[in-house]
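Heads up, the thing below is written out as structure tokens.
Derivation of every value follows stated rules applied to the coordinates shown; laboratory data play no part. Fair warning: this is a prediction, and the values are worked out from it, not measured in the lab. Cβ placement follows ideal geometry from the backbone for every residue including glycine, while neighbour counts extend to all protein chains displayed.
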Amino acid sequence: MNQIIPIFASHYSIGRSILTCEAKRKSKENGPKSIIDLCLKYNIQNVFLSDTHFAGQLDAWKNCKEANLNLRFGIKFIVCDDYSQKNEESLRNQHKVYIWALNSKGLKDLQKLYTISWQNMYYRNRLDYNIIQKYWTENLSLWHPFFDSFLHKNTLTFSTIVPNWGTIVPIFCVENLHNDLPFCSLIKNAIGRYCQANNYDVIQTHSIYYANRESFKSYLVARCINERSSLNHPDLEMMASNSFGLDIYLKSQNVRIK
């Protein structure tokens with residue numbers, strides 16, 4: 001069986017997840033589900049949590065420690081060519097990366113990058129690769145997600161993004177999702193070609209924003225509220241799958257769902 005890394009997002013990624021970082025046994029039957037409770041229930045020892053905001057790190061760390069779980073914390077950043085440029089061209093070339101803290105020093109380094117990302121924001125906080133290289137340390141790791149990465153944008157749009165990592169060695173994620181979205185194979189093939197040509201590592205991941213497919217409607221409502229749209233017309237780009245739940249990951253690992 002291939003190892004697949006589940007990457008959670010919490011409610012601190014505002015509008016992107018309906019899971020919480022609450023302490024163990026705090027989840028309610030008909031309320032939001034805690035990532036801590038879900039990981040304990042299904043024996044997921046290493047909790048990969050990547051949010052768009054740093055605010056949830058302390059809650060997640062305290063509650064994972066209490067539950068004897070290992071927290072792997074990261075931030076999902078927006079990256080552009082030059083974060084000092086505030087124009088439409090800079091928006092077109094935006095894509096996303098995961099930056100993970102590898103240890104306690106890495107958390108401080110990650111927090112520094114996060115703070116800098118807000119200093120010259122344009123609609124959203126963001127970075128560019130010159131800034132990332134300037135403040136990079138051996139305590140950090142950079143991964144390219146399957147969706148919204150530069151390869152995703154270059155493959156499915158007219159983008160021609162050419163990242164400059166310098167001495168940073170990136171890792172590329174292939175999402176554990178092959179049955180719903182017809183364009184997944186295009187992105188996967190692009191990642192395979194790129195990594196083979198440049199000798200980069202590829203790992204399998206599964207993004208998790210809700211507990212199961214029964215929770216998808218609640219997730220969609222939360223997304224619509226955040227986007228100021230409606231269920232009748234969500235207007236969410238490429239929102240064409242309900243497979244970003246923990247249950248799909250568990251099935252891929254042949255774990256019985258309780």
>> Under 10 Å, Cα contacts only: if you run a Gaussian network model on the chain, which one of Ser84, Ser215, Ser229 comes out with the highest mean-square fluctuation?
In response: Ser229
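Determine the gain in length on full extension of the stretch Ala23-Ile5; use 0.36 nm per residue of separation and subtract their C-alpha separation, reporting nm with one decimal.
Values: separation 18, 0.36 × 18 = 6.48 nm, distance 2.20 nm.
Gain on stretching Ala23 to Ile5: 4.3 nm.
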> Which one of Ile36, Leu91, Ser50 is farthest out on the positive end of the charge dipole of region 14-101, using unit charges on Cβ (Lys, Arg +1; Asp, Glu -1) and the Cα centre as origin?
Replying inline: Ile36
>> Run the helix sum for the chain: -39,500 (n - 2.57) per DSSP H stretch of 4+ residues, divided by residue count, reported at 222 nm to the nearest 500 deg cm²/dmol.
In response: -9000 deg cm²/dmol
>> Give me a comma-separated list of calculated 3J(HN,Hα) values for region 162-170, in order, Karplus coefficients 6.51, -1.76, 1.60 applied at θ = phi - 60°, integers in Hz, x for any Gly or Pro.
In response: 10, x, 10, 8, x, 8, 6, 9, x
> Ser27's amide H: which non-local residues (gap 5+, or another chain) put their own amide H closer than 5 Å, with H modeled 1.01 Å from N in plane and none for Pro or chain starts?
Replying inline: Ser34
> In whole Å and largest first, what semi-axes does the C-alpha gyration tensor of the chain yield when each eigenvalue is scaled by 5 and square-rooted?
Replying inline: 27, 22, 20
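Provide Rg over Rh for region 187-258; use the alpha carbon set for both Rg and the Kirkwood Rh (inverse mean inverse pair distance).
Working: Rg = 16.1 Å, Rh = 14.6 Å.
With Rh from the inverse mean 1/r over Cα pairs, Rg/Rh is 1.10.
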>> Please list, ordered by chain and number, the residues whose modelled amide H lies under 5 Å from the amide H of Gln204; skip anything fewer than 5 residues away on the same chain.
In response: Ile5, Val174
>> Beyond a 18 Å Cα-Cα separation, which of these cross-linked pairs lie in this structure: Lys41/Lys258; Lys96/Lys251; Lys41/Lys251; Lys26/Lys65?
In response: Lys96/Lys251
>> I need the phi-derived Karplus couplings for region 90-104: 6.51 cos²θ - 1.76 cosθ + 1.60, θ = phi - 60°, integer Hz, Gly and Pro marked x.
In response: 5, 5, 5, 9, 5, 8, 10, 9, 8, 10, 10, 7, 8, 6, 5
>> At 7 Å along Cα-to-Cβ for each site, give me the label-to-label distance between Arg228 and Arg256 in nm.
In response: 5.0 nm
>> Given points 7 Å out from each Cα along the Cα-Cβ axis, report the Asn212 to Thr115 separation in nanometres with one decimal.
In response: 4.4 nm
> Considering amide H positions built from the backbone, and no H for Pro or chain starts, which residues 5 or more places from Ala55, or on another chain, come under 5 Å of its amide H?
Replying inline: none
>> Tell me the Rg and the Dmax, in Å, that the Cα atoms of region 6-107 produce.
In response: 15.6, 47
> Hey, if you put +1 on the Cβ of every Lys and Arg and -1 on every Asp and Glu Cβ in the chain, which of Cys64, Ser229, Tyr249 ends up farthest toward the positive end of that dipole?
Replying inline: Cys64
>> Suppose every Lys and Arg Cβ carries +1 and every Asp and Glu Cβ carries -1, with no other charges. What dipole size does the chain come out with about its Cα centre, to the nearest 20 debye?
In response: 680 debye
> If each of Phe158 and Lys86 carries a label point 7 Å out from its Cα toward its Cβ, how far apart are those two points in nm?
Replying inline: 2.7 nm
> Taking the chain as a Gaussian network, Cα atoms linked when under 10 Å apart, which of Ile14, Ile225, Ile171 shows the biggest mean-square fluctuation?
Replying inline: Ile225
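Find the percent of Cα-Cα distances in region 113-258 that exceed 29 Å, and round it to a whole number. Please report the intermediate quantities before stating the final value.
Values: 3028 of 10585 pairs.
Pairs farther apart than 29 Å: 29 percent.
If r is the Cβ-Cβ distance from Tyr122 to Ile168 and R0 is 30 Å, what FRET efficiency results, to the nearest 0.05? Numbers along the way, then the final one.
Details: r = 23 Å, r/R0 = 0.78.
Approximately 0.80, to the nearest 0.05.
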>> Through the Karplus equation 6.51 cos²θ - 1.76 cosθ + 1.60, θ set to phi - 60°, convert the phi angles of region 212-223 into ³J(HN,Hα) values in whole Hz; use x for Gly and Pro.
In response: 7, 5, 5, 8, 4, 4, 4, 4, 5, 4, 4, 5
